[in-house]
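These notes concern the structure reproduced below.
The values are calculated or read from the model by the stated rules, or taken from the named source; none is laboratory data. Note that the structure is predicted; figures quoted are calculated from it, not measured. Ideal geometry is used to build each Cβ from the backbone, glycine not excepted, and the neighbour counts take in all protein chains shown. For accessibility, only protein heavy atoms count, side chains too; no ligands or nucleic acids. Shrake-Rupley method; radii C 1.70, N 1.55, O 1.52, S 1.80 Å.
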Amino acid sequence: MRFGIMASHQYPHGDDLGRHLHDLFGTVELAAELGYDSVWTINHFQSNLATPQPISMLASLIPRSGDMLLGTGILLLPMFHPVHIAEEFATLDHLSGGRVVLGVGAGYRENEFAAFGVDPETRFRRFDESLRLIRALWTGQPVTHEGEFYPQTDATIGVRPLTPGGPPIWIGAGGKKAVRRAARLGDAWYAPGNSPSRRFLPEHLAVYNDALVEYGRDPASVQRPVGVELYCAPTTEQAVEEALPHARVEYATYAEYPALRWQRDRFDELVRNTLLLGSPEFLVERISALRDLGFDHLIFRPGWLGMPTEKLRASLRLFATEVFPAFRTT
């Protein structure tokens, strides 16, 4: 089992962004020292939270992240031109020494599609076409592509990736059709582990595994990342007391968007079924259940809006000291 953190660079408008980023960079450096395996950046536009952009954030984290994987968790692919992304991530692949992952999703916020003049009805067609074109460009060979949105004639990118064939592509997806798309187009399905329903992950894993077989891929050969919400304290009572108020504030902020209103209305179900707030013993039990489902890379947000930096760092330290050994042989 591998463990990664979300950089979670989202802050209230009006806060001191420089101070927040300084704290975040220190947290990433600490995670690298503690032996965490990956760090992931966030993408939103015109957000109700100040959200520095993910490609710039990845570049800034490269020298601070040791040997961790760095990825976008996730990039809203329909808002970008695929030639831009192919070149940017080929560049990041070189800058990081081959440690970058392109994590992508189709998006859901209406204001973001409106800002870029993208008809949301086209987002999945754009998504499919973009991934096919990015992979073709990463071969380094001239590409002629008669696409609906991004036609190209004898196109090559100026920077070929360091990694043969380009960085891995992880696809974030929640609906069953989107999970099948992840099996068809991605190197991994980046599963959302914060559904209020405990049935979500087993049911969607079955869809994903069936689709892998249908598309001629060995289910045993793919990585299995899952994103969760997690906080570790000496006792479960302390973890809930310290983390739950901050998680509630952050989820209420997300719920201002219509597509995420359920996160406010069903927050108690989230707490009961999916938020991993607890002692090391509690977390070992819950993570073991995820491992038994087949997941092998747990990625979590180390803190929420307003949480003191020293609290989230204490959680990271305790988790590394007390939980890592249960899932690592060395």
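Screening the range 203-235 for residues that are more than 18 Å from residue 284 (Cβ to Cβ) and among the polar types (S, T, N, Q) and picking the one that is surrounded by the most Cβ atoms within 10 Å (Cβ to Cβ) gives 209. For the residues 178, 191, the requirement of being at pLDDT 90 or above, open to solvent by less than 40 Å² (accessible area, probe 1.4 Å), more than 20 Å from residue 298 (Cα to Cα) and of a type outside the set (Lys, Arg) singles out 178.
For the range 198-256, the tally of residues that are within 23 Å of residue 323 (Cα to Cα) and hydroxyl-bearing (Ser, Thr, Tyr) stands at 3.
Here the range 9-58 is the region considered, the condition is being on the phi > 0 side of the Ramachandran plot and out of contact with any Asp or Glu (no Cβ under 9 Å at 6 or more places or on another chain), and the residue that is surrounded by the fewest Cβ atoms within 10 Å (Cβ to Cβ) is 14. In the set 80, 89, only one residue is within 28 Å of residue 145 (Cα to Cα) and open to solvent by 10 Å² or more (accessible area, probe 1.4 Å); that residue is 80. Under the condition of being within 30 Å of residue 219 (Cβ to Cβ), open to solvent by less than 20 Å² (accessible area, probe 1.4 Å) and in a helix (DSSP H, G or I), the residues counted in the range 291-319 number 1. Assess whether residue 118 counts as being open to solvent by 10 Å² or more (accessible area, probe 1.4 Å), at pLDDT 95 or above and not small (Gly, Ala, Ser). In short, yes. Restricted to the range 126-159, and to residues that are part of a loop (DSSP other than H, G, I, E, B) and aliphatic (A, V, I, L, M), which residue is surrounded by the most Cβ atoms within 10 Å (Cβ to Cβ)? Ranking the qualifying residues of the range 126-159, first place goes to 157. Filtering 98, 71, 105 for residues that are open to solvent by 10 Å² or more (accessible area, probe 1.4 Å) and either out of contact with any Cys (no Cβ under 6 Å at 6 or more places or on another chain) or at pLDDT below 95 (or both) leaves a single hit, 98. In the range 160-173, the count of residues that are of a type in the set (Lys, Arg), open to solvent by 30 Å² or more (accessible area, probe 1.4 Å) and assigned to a loop (DSSP other than H, G, I, E, B) is one or more. Across the range 59-68, the qualifying residues are those that are open to solvent by 40 Å² or more (accessible area, probe 1.4 Å) and not in a helix (DSSP H, G or I), and the one among them that is farthest from residue 20 (Cα to Cα) is 67.
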